[in-house]
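Read through the structure below, which is laid out as structure tokens, and then see the notes.
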Protein chains: 2
Amino acid sequence: MNNNLIVKNALLVTCDENHNVLEDAAIVVSGNTIKWVGPSQNLERDLDNIAPADAKIIDGSNKILMPGLINMHSHCGDSLFRGLVENLPLEQWLQTLWKSQAVILRSAENCRLGAQLGFAELLLGGTTTTMDNYWRPEQSVAAALDAGMRIATGGIFFDTPGMDGFTIDDRVAQAEALFAEHGNNEEIFIGTMPHGTYTAGPDSIRKAVEIANENDGFFSVHAAETKVEQQTIRDRYQTSVIRLLNDAGALSSRTALAHCVHVDDEEIELMATNNTNVVHNPLSNLKLASGFAPVCKMMDKGINVTLGTDGPISGNDMDMWFAMRLAATIHKAADENPSAISSHQALHMATLNGARALSAEDMIGSIEEGERADFILLDITGPHAMPMFDPVSHLVFSASKNDVSDVFISGRQVVANRKLLTLDMPDISQRIAKLQPAVKAALEA
Amino acid sequence: MNNNLIVKNALLVTCDENHNVLEDAAIVVSGNTIKWVGPSQNLERDLDNIAPADAKIIDGSNKILMPGLINMHSHCGDSLFRGLVENLPLEQWLQTLWKSQAVILRSAENCRLGAQLGFAELLLGGTTTTMDNYWRPEQSVAAALDAGMRIATGGIFFDTPGMDGFTIDDRVAQAEALFAEHGNNEEIFIGTMPHGTYTAGPDSIRKAVEIANENDGFFSVHAAETKVEQQTIRDRYQTSVIRLLNDAGALSSRTALAHCVHVDDEEIELMATNNTNVVHNPLSNLKLASGFAPVCKMMDKGINVTLGTDGPISGNDMDMWFAMRLAATIHKAADENPSAISSHQALHMATLNGARALSAEDMIGSIEEGERADFILLDITGPHAMPMFDPVSHLVFSASKNDVSDVFISGRQVVANRKLLTLDMPDISQRIAKLQPAVKAALEA
């Protein structure tokens, strides 16, 4: 497949370190890589030297061109259970849901279908990379490779057999097998993903860190999401979630901690000292009444805060634009500071910061020469896009997922004019409709 | 114009008092009114008796049919200044903005253009009624009548001459003139709209109430939005905002108080006792760091809480779906209660409660026989809409403005397949582009 292409006449929001914005810009893609970035007129002047002769030309007029969004915390498979259970505290809500999941997720095929539905939603909304945490991650990887989604995933760890029936030894073997099979694939990220410190004890956490380190993979875990969770760890181990993770050697620059809503100053210091990345999931924290993560404090301490949607059962969708706008607004009110979290910071949380957390800032997260061609085009002709005094302010405070018209990952076009190219939406839709009664019935069984 | 039409095979979310939902439903519209509501098969069976012979048939398969949303607090004209000033506390932010507004809004034509841009956004997103508070409200009314938007607006009151140069006496005359000209138009709502108790003193408030009462109109005012505002009223009048309004006779069932973020228990009691309506504007309260309105407490006291977007300079858009989802989630976290504000409550805030605040619950806000045909169709084929276990949960927690495909107001179709029928978007776009440099330049002058 020839992925040589040119996009020209676009408003380029690079999301690079310096927040560079370039009007009437062009990029040249060759294979999976951005080969050239510059003013459209420079490209025109020196076309033969800059672009391959067979490059397909895409007109970016009336579009913003920017990197694809990086969702650092999803549970795509949970798309199967969207809206099934509502209005319960986190622990009760999980236990209710698990009744249905225990039946439905026995099937690897269902896990694959859930991943596909989630990817469909993410791709249409301009998310090009997602760190996904789910049962049967090998199904998610397979679905991602088919769909062209850039995935970060890995073996999950629970000490007690989960709804899939696997023991912790099975999980260790599965985590290692994922690395063996996909660890060398430069297009995706493999790691280890214990569920949480209250569901996977210190030994399992240590084992997961060890496997990640041995394979140069990432490590991610739910951490300090709720008060109940912190209390559980205090009761069980006489320590706190982040301290436990630190003692297990789990805090490093390869680590992404999901949530960190209830962390004390010393825990923040521990994360900062160890260059640990945090994934902020504002919508989930609101809907599940978990609270307001101390994002400003963490950023002030130099922690790399990234952004996630969490799963579609705590959302009920996976909309990174919504997450970005929430991140840029809720802390203003929570901290009583209208300057808290600038639009530039919020945009980086959804792009470059995610790339940094994956140790992949030279590969994705910004539009720069030499990086992978993971980019999106957004329509800016809607009434909510005018006037536009600052494209970054527009992206954070006014744009939405439906403005995304075209999506490319490693140079491969996965969405064209708001239509999925790599997933068969009518087929997915039919299979979901067929499965839906069983999802509901399992809950009531 | 013949507005006789049938919509059939739709998933009907009535938003009526009992939250009735009807699968495979149909409605029949004759002129500006919903004449019949029921199962599609009943319509088929008795078509000749139920529907006019010349009725246009619309297939509602794969769509939700529901009432148009009612935005109880907008400043559509501020669309001209979207994103112009960011990251300042409310008072500073207003003062900076006013520099540009003072130049731009001298022109009635610009006020009209701003209203049109705002209506375009609202209509495309399925908002059919908006209570709009802006300079030169006669321009908003004219634009609304052209666009088919159902507007609630009225004369504004400032004690000092505003950027339009009018004195308080001018404003009183203008408020009365609006009633004289449009008070008998049954398709729109006229009221009086003092800006706030800190910008319009007790005498002006009293006068505004008097004019509203004399003309059987509504009364609306910004109230208790910020701590600074409450402090100002304390310093100036040794009372509080809601007490001042009560003393001025401004609390009644015809009154809609925008914001009410900083109100004490006694003020809540005063509003409840007087059947005063509150307009919650969650996004604005977050972005301007105003705080979290005590919505649950107010609802527990029986106050009718409605929903607004506020203007697009504190948003930066006017997206009622976003407002609805925020209303349904932020109070869960703020009150540490995952059951706070159910999806049904949130949906009513955006529909029926707005109608009640306008004393128009027999006219708009729900899909019932005899009401005006203000309804919208939403596409439910997107990945974020499946599976759907509960359409109300879908509408509140997963749907977005871009799902709205068709919009009808008083039987007149204003949006068809996501395209505006009653506003010339390319023309508006060109005029905005032409005005944009002056908006910016005025800020820096």
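The values are calculated or read from the model by the stated rules, or taken from the named source; none is laboratory data. Just so it is clear, the structure is predicted and the values come from calculations on it, not from any experiment. Reconstructed Cβ throughout: ideal geometry from the backbone, glycine too, with neighbour counts over all protein chains shown. All accessible areas refer to the heavy atoms of the entire protein, side chains included, with ligands and DNA or RNA removed. Shrake-Rupley method; radii C 1.70, N 1.55, O 1.52, S 1.80 Å.
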Residue by residue through the range A:297-325, note down the ones that are of a type in the set (A, V, I, L, M, F, W, C) and under 16 Å from A:Phe81 (Cα atoms). A:Ile313, A:Met318
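Each row is one residue, and each column tells you yes or no for (1) within 10 Å of chain B (Cβ to nearest Cβ); (2) crowded, with 17+ Cβ neighbours inside 10 Å; (3) on the phi > 0 side of the Ramachandran plot.
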| residue | (1), (2), (3) |
| --- | --- |
| A:Asp48 | no, no, no |
| A:Ile64 | no, yes, no |
| A:Leu69 | no, yes, no |
| A:His73 | no, yes, no |
| A:Cys76 | no, yes, no |
| A:Pro89 | yes, yes, no |
| A:Gln92 | yes, no, no |
| A:Leu97 | no, yes, no |
Among the residues of the range B:103-111, are any within 22 Å of the chain's Cα centre (by Cα), modelled with pLDDT of 95 or more, buried (at least 22 other Cβ atoms within 10 Å of the Cβ) and within 13 Å of chain A (Cβ to nearest Cβ)? yes
Residues of the range A:367-415 satisfying the condition of being farther than 18 Å from B:Met320 by Cα, part of a loop (DSSP other than H, G, I, E, B), at the interface with chain B (Cβ under 8 Å from one of its Cβ atoms) and in contact (Cβ under 8 Å) with a residue 12 or more places away in the chain: A:Thr381, A:Asp390
Of residues in the range A:21-43 being part of a helix (DSSP H, G or I) and polar (S, T, N, Q), the one nearest to A:Gly365 (Cα to Cα): A:Ser40
Considering only the range B:198-215, I want to know if a residue exists there that is without any contact (Cβ under 8 Å) to a residue 40 or more places away in the chain and crowded, with 24+ Cβ neighbours inside 10 Å. no
Residue check for B:His348: open to solvent by 10 Å² or more (accessible area, probe 1.4 Å), over 18 Å from B:Gly125 (Cβ atoms) and more than 18 Å from the chain's Cα centre (by Cα): no
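Being open to solvent by 50 Å² or more (accessible area, probe 1.4 Å) and at positive phi is the filter here, so list the residues in the range A:2-34 that pass it. Steps first, please.
In the first step, residues of the range A:2-34 are kept if they are open to solvent by 50 Å² or more (accessible area, probe 1.4 Å); the result is A:2, A:9, A:17-24, A:32.
A:Asn9, A:His19, A:Asp24, listed by residue number.
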Going through the range B:121-134 one residue at a time, which ones are within 14 Å of chain A (Cβ to nearest Cβ) and under 23 Å from B:Ala442 (Cβ atoms)? B:Glu121
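Does the range A:262-282 hold any residues that are open to solvent by 10 Å² or more (accessible area, probe 1.4 Å) and either within 14 Å of chain B (Cβ to nearest Cβ) or among the polar types (S, T, N, Q) (or both), and which are they?
A:His262, A:Thr273, A:Asn274, A:Asn275
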Among the numbered criteria (1) open to solvent by less than 10 Å² (accessible area, probe 1.4 Å); (2) of a type in the set (A, V, I, L, M, F, W, C); (3) in contact with a Pro (Cβ under 7 Å, 6 or more places away or on another chain), which one does A:Leu288 miss? (1)
Based on this model, can you work out whether B:Gly68 counts as in contact with a strand residue (DSSP E or B) (Cβ under 6 Å, 6 or more places away or on another chain) and touching a residue at least 40 places away in the same chain (Cβ under 8 Å)? yes
When only residues in the range B:112-138 that are farther than 15 Å from A:Pro387 by Cβ and charged (D, E, K, R) count, which is least open to solvent (accessible area, probe 1.4 Å)? B:Asp132
Selection status of B:Ser359, facing chain A (nearest Cβ under 9 Å) and surrounded by fewer than 24 Cβ atoms within 10 Å (Cβ to Cβ): no
